[in-house]
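Accompanying notes for the structure given below.
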Amino acid sequence: MNAPEWETCILKYVNYRARSWSEADRLTQTHSLLAILMAFSRNLNVLHLADLTPRVWFAYVQERIRACIKPSSLNTELKVIQSLLRFVKETDNPICETMLEVRPLKTGKGFT
């Protein structure tokens, strides 16, 4: 997906999610979700969401771990990305379905 397509998908997804948020939480939730999705999309060299594969994800994870990002933070990103992918799939757009099977990273004392 090129940048405008990524942005369009993200915008539609955020609008979809925002319907379930209370008015008091909407701004904070929107900012948080956009921050995760936009940062993730900027760090990938993927043109189409269907090209977002487990291999691409784990290469991204390795870079983020080298940057001292905690596994729990990466798990949050994974959850958000998988939710976006499910949304995109439900709108009849192609995705790499194996991305929905990627498991969260293990966390614990050895990973902090």
Checklist entry - So which trypsin sites (Lys or Arg not before Pro) in region 14-43 are both in a DSSP loop and have at most 13 other Cβ atoms within 10 Å of their Cβ? => result 19
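Relative contact order, percent, of the chain when contacts are C-alpha pairs under 8 Å separated by at least 6 residues? The partial results should precede the final answer.
Working: 75 pairs, mean separation 34.7, N = 112.
Contact order relative to length: 31 percent.
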Checklist entry - Rounded to the nearest 20 Debye, what is the dipole magnitude of region 36-110 about its Cα centre when Lys and Arg each give +1 and Asp and Glu each give -1 at the C-beta? => result 480
Checklist outcome for this item: Expressed in square angstrom to the nearest 10, the accessible area of residue 68 with a 1.4 Å probe stands at 110
Item to check | Charge dipole (the chain, unit charges on Cβ, about Cα centre) - positive-most of 91, 36, 48 | outcome: 36
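Using a probe of 1.4 angstrom, how much of the accessible area of region 3-112 is carbon and sulfur, in percent?
Details: 3870 of 7300 Å².
Carbon and sulfur atoms account for 53 percent of the accessible area of region 3-112.
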Checklist entry - What's the extension gain from residue 73 to residue 48 if we count 0.36 nm per residue and subtract their Cα-Cα distance? => result 6.6 nm
Next on the checklist: Rounded to the nearest 10 Å², what accessible area does residue 25 have for a 1.4 Å probe in the complete protein model?
Outcome noted: 80
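The values are calculated or read from the model by the stated rules, or taken from the named source; none is laboratory data. Small disclaimer: the values here were computed from a predicted structure and weren't measured. Every residue, glycine among them, receives a Cβ derived from its backbone with ideal geometry; neighbour counts consider all protein chains shown. Just so you know, the surface numbers come from the protein's heavy atoms only, side chains and all, with ligands and any DNA or RNA stripped out. Shrake-Rupley method; radii C 1.70, N 1.55, O 1.52, S 1.80 Å.
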